[in-house]
Structure formats: structure tokens, C-alpha cells
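Below you will find the structure I want to go over with you.
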Amino acid sequence: MKLQEAMDLYLPLIEGELRACMTPPADDPSPFWGMMHYHLGWADEQFRPSQAPVGKRLRPLITLLTCQAAGGDPHDALPAAAAVELIHNFSLIHDDIQDQSDTRRGRATVWKLWGEAQAINAGDAMFTLAHLALHRLSQRSLPPERIAVALRVLDQTSLALCRGQHLDLDFEDRLDVDVEAYLTMIRGKTAALLGCACQLGALIAWPDLSLAEHYRRLGEGLGLAFQIQDDLLGIWGQPDVTGKPVADDIRRHKKSLPVVYVLGRHDDTKAKRLRALYAQGALLEEDVAEAVAILEASQARPYAEAQAQHYLETALAELEAAGPKPEARQALRELAGFLINRAY
């Protein structure tokens, strides 16, 4: 199956499962649910039904594809796919508050519309609903002991996400972040959830923990490659494609891989100048341009591109080691390629 065929087949099923998990009780049409529906792209600011951007839904799609690749029925993995997507969106609501981001997917963020306190509460509710979504596996005749394992995997992943976010926030005021510390951060902040998505799909298909571990490492490798590509786009992406200004991550003093690669060269003149720029407050446009020029002169871009390719190849090796069913193998390989070749 090709990736586009998989998307056409599975994305409507994922959307249906998400809506089933997020349906409010008949006697509770309150803004409590409306705020979460707004974030997911299903409602406008007045909580009326709308068709806003909903994100790529890559994580739940990977859950279904890995279930199929491991020999299971993707329909059985729909509750896990919904749980993974809800955990992702809980983290986005909280990230927007912590980063003070005014917009997401071209619309005002939840906290910007309804305040930080309500947004925190909406994120907490979505975290809880993710766990309730996973309990729906019992309706798919999955044994209770395997549901317990799936819940533990989701909780371990949530903790890893929080630790990754802690490190990301901690790095904001530091100039001593090196590549090793950066990789530790993105393993939690980005790669852990993709690893979870793959691991859950495999667990639902078959109770072989060693097989599920291959798929977890597949997801982790894809997550590392995905984040590094995100870093590249945050500096060199095209604004008309990404929706963000060129070098926006530099303006925000983000410790992305190209930046920490250069910052780690302690005796290098270019690194010293980049540290001086990052030690400033707000950067002028000429400062941003100089920082980008330093990264390019230091070969930071090809270094990051090579790292993304390395983690992609590591991930694909885990996929082949798992012996995937051919009907899902092609779609997974196409999806892996998309993650580091995308322009947005």
C-alpha cells in the first residue's frame, strides 16, 4: 500500500475515533469541551462547528500502520491512535502557554483566547481523555494484561515528554548546551511519542515485546530525524511554505541542532561570536543574518542534514529487522522519507 492510499483509508477512521473519544455528555455543552474542540480544529471561537486545520495526524497514522505491519488489524489500534494524538495535543496546548505562542495552525491559541488558567485545564483534560481513549481497547477484545502494558507505555511516554520539555525550557537561558544534551532533550520532547505510537501499534497486533521494541526504536529514530528536519526548517525554511519568517528559531534563541553544533566549538572564533549574539536580548535583523552566516560558514546545515539521514537509516533498519508485512511496509518507508524531505 502506498502512503497516499493509507492516508485516504485511515485518516477518516482516526478522525472518527477522535470525535468519539471527545464527545461531551448530552447534558454538558459547556465551553469546557468547546475549548478542546477548538484546539483540535473542529470549532470556531464561538464553539460553532468549523473546518480549521487539524494538523498532520502522523502519529496516529503510524500507530495504525505499525499494527498492520506487525500482522494485526489496524481497526483494533484505533483507540491507541486516538490516545497518542490526544497526548500530542495536550502537550501542544501546554507548550503554547510556556512559549507564549499567540498562534497555532494559523489561529489564536487556546491560552490567547481564554487565558492561561483555562488553557492549562483544557490540556489536563485532554491528557485524561487520552487515557480514557486507551481503555476503549477493551471494546476491541484486547486482553486486559495487554491493555495494562499499553497504559504503562503511554504513562512512561508522557513522563519522557515532560522531561524533554523541562530540558527545552532549561536550555533557553544556557549557552553550554552541547549535541549530546540536545539529543537527550529531543529524545523526550519529540522522539518518545513517535516511539510510543509505533510500540503501541505493534503491541496491539501481537504480544511479542521484542517485536514491539523494534517498532519503538523505529519510531524513536523517525522522531529524531523529524525534529532535526524541523530545526533545519526553523532556520532555512521558506516562509510561504512553513508559515514562519526565515530564521525564526534564531530570533527566538532556540538551541536547535545547527546552533548547538557550533556553540560546542569552544575555541572557535565563529562560535564565540554566535555565543555573544545568543547572549543578547532581542536580536536585530542584521544580528539574525549574521548568526545564519556563521552557521553556514561552520557547515552546520550539512552536518544537521547528515544527522537526520543517519537517524532515518537507523529507523529503517529497525523496520526491516521487525519483518513487516508487505501491505504496510511501503507506506511506512514512504512516511519515513517524507519526515526528512518535507518543506513544512
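The values are calculated or read from the model by the stated rules, or taken from the named source; none is laboratory data. Every value quoted in this text rests on a predicted model; they were computed, and no experiment measured them. No Cβ is skipped: glycine too gets one built from the backbone with ideal geometry, and neighbour counts run over all protein chains shown.
Give me the pairs: first residue in the range 33-61 and at positive phi, second residue of a type in the set (Val, Ile, Thr) and assigned to a loop (DSSP other than H, G, I, E, B), beta-carbon distance under 8 Å, and six or more apart or on different chains, which are they?
Here the result reads 41/54, each pair linking the range 33-61 to a residue that is of a type in the set (Val, Ile, Thr) and assigned to a loop (DSSP other than H, G, I, E, B).
Specify the residue that is surrounded by the fewest Cβ atoms within 10 Å (Cβ to Cβ); the eligible residues are those in the range 136-152 that are closer than 19 Å to residue 59 by Cβ and without any contact (Cβ under 8 Å) to a residue 24 or more places away in the chain.
The extreme case among them is 152.
From the list 85, 5, which residue is exposed (fewer than 15 other Cβ atoms within 10 Å of the Cβ), in contact (Cβ under 8 Å) with a residue 60 or more places away in the chain and part of a helix (DSSP H, G or I)?
Residue meeting the stated conditions: 5.
Please indicate, with yes or no, whether at least one residue in the range 150-161 is at pLDDT 95 or above, polar (S, T, N, Q) and either in contact with a Ser or Thr (Cβ under 6 Å, 6 or more places away or on another chain) or not in a helix (DSSP H, G or I) (or both).
no
Criterion first (of a type in the set (A, V, I, L, M) and either exposed (fewer than 14 other Cβ atoms within 10 Å of the Cβ) or on the phi > 0 side of the Ramachandran plot (or both)) does residue 26 satisfy it?
yes
To keep it simple, each residue is scored yes or no on (1) over 29 Å from the mean Cα position of the chain (by Cα); (2) surrounded by fewer than 14 Cβ atoms within 10 Å (Cβ to Cβ); (3) modelled with pLDDT of 95 or more.
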residue: 244; (1), (2), (3): no, no, no
residue: 248; (1), (2), (3): no, no, no
residue: 251; (1), (2), (3): no, no, no
residue: 254; (1), (2), (3): no, no, no
residue: 259; (1), (2), (3): no, no, yes
residue: 262; (1), (2), (3): no, no, yes
residue: 270; (1), (2), (3): yes, no, no
residue: 280; (1), (2), (3): yes, yes, no
residue: 299; (1), (2), (3): no, yes, yes
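For the range 204-316, list the helices (runs of 4 or more DSSP H) that sit wholly inside it and hold at least 3 residues that are touching a helix residue (DSSP H, G or I) at 6+ places or on another chain (Cβ under 7 Å) and among the charged types (D, E, K, R); which are they?
209-236, 248-251, 269-279
Tell me which residues, restricted to the range 144-165, are over 16 Å from the mean Cα position of the chain (by Cα) and over 17 Å from residue 199 (Cβ atoms).
If the condition is that a residue be over 16 Å from the mean Cα position of the chain (by Cα) and over 17 Å from residue 199 (Cβ atoms), then 144 is the only one that fits.
Would the range 76-93 turn up any residue that is under 23 Å from residue 124 (Cβ atoms), modelled with pLDDT under 95, of a type in the set (D, E, K, R) and out of contact with any strand residue (DSSP E or B) (no Cβ under 6 Å at 6 or more places or on another chain)?
No, there is no match, as no residue in the range 76-93 is under 23 Å from residue 124 (Cβ atoms), modelled with pLDDT under 95, of a type in the set (D, E, K, R) and out of contact with any strand residue (DSSP E or B) (no Cβ under 6 Å at 6 or more places or on another chain).
Can you tell me which residue in the range 282-293 is surrounded by the fewest Cβ atoms within 10 Å (Cβ to Cβ), limited to those that are of a type in the set (A, V, I, L, M) and closer than 19 Å to residue 172 by Cβ?
Per the stated criteria, the residue is 282.
Per-residue answers, yes or no, for (1) hydrophobic (A, V, I, L, M, F, W, C); (2) over 29 Å from residue 336 (Cα atoms); (3) over 18 Å from the mean Cα position of the chain (by Cα):
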| position | (1), (2), (3) |
| --- | --- |
| 31 | no, yes, yes |
| 40 | yes, no, no |
| 47 | yes, yes, yes |
| 67 | yes, no, yes |
| 78 | yes, no, yes |
| 96 | no, no, no |
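Evaluate the range 34-56: report whether one residue or more is closer than 23 Å to residue 140 by Cα, in a loop (DSSP other than H, G, I, E, B) and in contact with a Ser or Thr (Cβ under 9 Å, 6 or more places away or on another chain).
no
Any idea which residue in the range 313-341 is farthest from the chain's Cα centre (by Cα), counting only those that are among the basic types (Lys, Arg) and under 19 Å from residue 195 (Cβ atoms)?
The residue in question is 329.
Can you report the number of residues in the range 93-135 which are buried (at least 17 other Cβ atoms within 10 Å of the Cβ), among the β-branched types (Val, Ile, Thr) and assigned to a helix (DSSP H, G or I)?
The number of residues fulfilling the criteria is 3.
List pairs: first in the range 316-344 and touching a residue at least 24 places away in the same chain (Cβ under 8 Å), second surrounded by fewer than 14 Cβ atoms within 10 Å (Cβ to Cβ) and not small (Gly, Ala, Ser), Cβ under 6 Å, 6+ apart or cross-chain?
343/241; 344/241
Could you tell me which numbered condition residue 174 fails, if it satisfies all but one of (1) of a type in the set (Lys, Arg); (2) in contact (Cβ under 8 Å) with a residue 60 or more places away in the chain; (3) over 30 Å from residue 280 (Cα atoms); (4) surrounded by fewer than 18 Cβ atoms within 10 Å (Cβ to Cβ)?
Condition (3) is where residue 174 drops out.
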